[in-house]
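So that we are looking at the same thing, I have put the structure below in structure tokens.
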Amino acid sequence: MTIYPNLIIEALKNVRYPGTGKDIVSMGLVEDNIRIDGMNVTFSLLFEKPNDPFIRSVVKAAETAILTYVSPEVNIKGNITVKARQLARPEPDKLLPQVKNIIAVSSGKGGVGKSTVAANLAVALALQGYKVGLLDADIFGPSQPKMFNLEEAHPYMEEVDGRELIKPAENYGVKMLSIGFFVNKEDAVLWRGAMASNALKQLIGDANWGELDYFLIDLPPGTSDIHLTLVQTLAITGAVVVSTPQEVALADARKGISMFTGDKVNVPVLGLIENMAWFTPAELPENKYYIFGKEGCKRLAEELNVPLLGQIPIVQSICEGGDQGKPVALNPDSITGKAFQELAENVVNQIEYRNEHLAPTERVIVTKK
Ligand code: ADP
């Protein structure tokens, strides 16, 4: 018997694309590249998306239709190539293949010390010997260049394996890139949605981060499209949420936590960090004044069943350290340095425990009330 392309097309008109009632020929899924060599038939099917859920079933149905309506002798199994109009997004893990753990540092509202905590946590981890990177994704107030005394840094491009990549700036053992390096402050707040998201994707995927144990992302406060983009781009290990013990801050922290645990985002919450937990004057280090209320984060953590990873006091040196570009965590023997060392240890323990004991799908422990 001789096989003609028309016979194949006619057979494929019997294959319906699930849910539409239309056949795959009239939908334009069958490419005009049918090749026949004796009983050997090859062609390709063109799907809209690379992750179309029906690819397998449509290919199978096409094979069956040809064997049924043309001849059971046709050699078609495995001969149908699948193509997609849209390019596949990089697999999350493939984007930063040399990065072991990605931590999102977030807060419900601005001004609670999220960036200060991110900078000091990064430095504390580096002091413990880990390879650390920090991406300042806070488009509303990129402050990491100042905190790392890298305001004058101008990251340049370098060639790595034939690709032009941005070389992160580096100080105190932490590799750092900030959206602030690429836009001036006045423009940054005008950045919306796609523009900011694309810039951040570049700072992640087109930068030479190299091998890292911990990659921290200083997120914008609250919830936004940027959060969504980042969780869709990267396989984030977990999020930490920074708050003060004040009621208004806690209410927003709660919202932040439910964003991470919600279906859209679904990132495990590693724990809460209470910043500005109490005020301690330098000359009276034993005295604690609970300016924003006592142990608000501790209570919220217990209520939501998430760990409290650390309590950081209000200390003048923390503020000054930020302004002078010398994070207090650089001095691990000071009271504040100790607080950040302890925080870093708790974060590492949380992650190691999770990586060891929990399957990826089980890594959400927050129970919503
Ligand atoms: P956010 O990133 O949440 O907007 P920042 O980290 O920029 O907050 O902190 C806001 C201000 O509070 C900064 O001036 C910072 O130096 C100061 N600050 C943050 N945490 C502390 C602290 N524990 N003690 C003293 N000052 C702090």
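Say whether the condition of being under 30 Å from Ala253 (Cβ atoms) and open to solvent by 30 Å² or more (accessible area, probe 1.4 Å) is met by at least one residue in region 82-92. Give the steps one after another, and end with the answer.
Step one: list which residues in region 82-92 are under 30 Å from Ala253 (Cβ atoms), which gives 92.
Narrowing the set further to residues that are open to solvent by 30 Å² or more (accessible area, probe 1.4 Å) leaves 92.
Checked against the condition, which is being under 30 Å from Ala253 (Cβ atoms) and open to solvent by 30 Å² or more (accessible area, probe 1.4 Å), region 82-92 yields at least one hit.
Within region 100-117, which residues are within 16 Å of Gly205 (Cα to Cα) and open to solvent by 20 Å² or more (accessible area, probe 1.4 Å)?
Scanning region 100-117 gives a single hit, Lys100.
Within region 1-53, which residues are within 15 Å of Ala84 (Cβ to Cβ) and at pLDDT 90 or above?
Start the filter on region 1-53 by keeping residues that are within 15 Å of Ala84 (Cβ to Cβ), which leaves 17, 24, 27-31, 44-53.
Tyr17, Ile24, Met27, Gly28, Leu29, Val30, Glu31, Ser44, Leu45, Leu46 - these are the residues of region 1-53 that are within 15 Å of Ala84 (Cβ to Cβ) and at pLDDT 90 or above.
Here is a further query. Tell me, which residue of region 56-75 that is within 15 Å of Tyr17 (Cβ to Cβ) and of a type in the set (Gly, Ala, Ser) is surrounded by the most Cβ atoms within 10 Å (Cβ to Cβ)?
Here the residue is Ala62.
For region 308-318, does any single residue satisfy the condition of being under 30 Å from Pro268 (Cα atoms) and away from the ligand (no atom under 13 Å from the Cβ)?
Scanning region 308-318, I find at least one residue that is under 30 Å from Pro268 (Cα atoms) and away from the ligand (no atom under 13 Å from the Cβ), so the answer is yes.
Now for a different question. Kindly evaluate Glu152 against the criterion of being more than 13 Å from the ligand (Cβ to nearest atom) and in contact with a strand residue (DSSP E or B) (Cβ under 6 Å, 6 or more places away or on another chain).
On the way: more than 13 Å from the ligand (Cβ to nearest atom): yes; in contact with a strand residue (DSSP E or B) (Cβ under 6 Å, 6 or more places away or on another chain): no.
No: the conditions fail for Glu152.
Would you mind stating whether Asn6 is at negative phi and touching a helix residue (DSSP H, G or I) at 6+ places or on another chain (Cβ under 9 Å)?
Details: at negative phi: yes; touching a helix residue (DSSP H, G or I) at 6+ places or on another chain (Cβ under 9 Å): no.
So Asn6 does not fit the description; no.
Quick one: in region 134-162, of everything that is in a strand (DSSP E or B) and without any contact (Cβ under 8 Å) to a residue 40 or more places away in the chain, which residue is most open to solvent (accessible area, probe 1.4 Å)? Spell out the reasoning first.
Pass one, region 134-162, residues in a strand (DSSP E or B): 134-136, 157-160.
When the remaining residues are screened for being without any contact (Cβ under 8 Å) to a residue 40 or more places away in the chain, the result is 157, 159.
Numbers: Met157: 102, Glu159: 132 Å².
Applying the filter and picking the extreme gives Glu159.
While we're on this one: Please go through region 299-344 and give me each residue that is open to solvent by 80 Å² or more (accessible area, probe 1.4 Å), out of contact with any Gly (no Cβ under 9 Å at 6 or more places or on another chain) and of a type in the set (D, E, K, R), ordered by number.
Residues satisfying the conditions are Arg299, Glu302, Asp323, Lys326, Asp333, Lys338.
Looking at (1) surrounded by fewer than 12 Cβ atoms within 10 Å (Cβ to Cβ); (2) assigned by TED's automatic domain parsing to the domain that holds Ala235, which is the one condition that is false for Pro18?
With (1) surrounded by fewer than 12 Cβ atoms within 10 Å (Cβ to Cβ); (2) assigned by TED's automatic domain parsing to the domain that holds Ala235 applied to Pro18, the lone miss is (2).
A follow-up question, please. Of everything in region 270-292, what is β-branched (Val, Ile, Thr) and either open to solvent by 50 Å² or more (accessible area, probe 1.4 Å) or over 16 Å from Gly113 (Cα atoms) (or both)? Give them in sequence order.
Start the filter on region 270-292 by keeping residues that are β-branched (Val, Ile, Thr), which leaves 273, 280, 291.
Answer for region 270-292, where residues must be β-branched (Val, Ile, Thr) and either open to solvent by 50 Å² or more (accessible area, probe 1.4 Å) or over 16 Å from Gly113 (Cα atoms) (or both): Thr280, Ile291.
Collect the residues in region 251-269 that are over 14 Å from the mean Cα position of the chain (by Cα) and surrounded by 22 or more Cβ atoms within 10 Å (Cβ to Cβ), keeping them in residue-number order.
Within region 251-269, Ala253, Gly256, Ile257 qualify.
Go through region 236-249 and give me each residue that's over 14 Å from the mean Cα position of the chain (by Cα) and crowded, with 23+ Cβ neighbours inside 10 Å.
Pass one, region 236-249, residues over 14 Å from the mean Cα position of the chain (by Cα): 241-249.
Val241, Val242, Ser243, Thr244, Pro245, Ala249 - these are the residues of region 236-249 that are over 14 Å from the mean Cα position of the chain (by Cα) and crowded, with 23+ Cβ neighbours inside 10 Å.
The values are calculated or read from the model by the stated rules, or taken from the named source; none is laboratory data. Source: prediction; values computed, not measured. Heads up, the Cβs are rebuilt from the backbone with ideal geometry, glycines too, and the neighbour counts pull from every protein chain shown. Please note that ligands, DNA and RNA were not included when accessible areas were found on the heavy atoms of the full protein model with its side chains. Shrake-Rupley method; radii C 1.70, N 1.55, O 1.52, S 1.80 Å.
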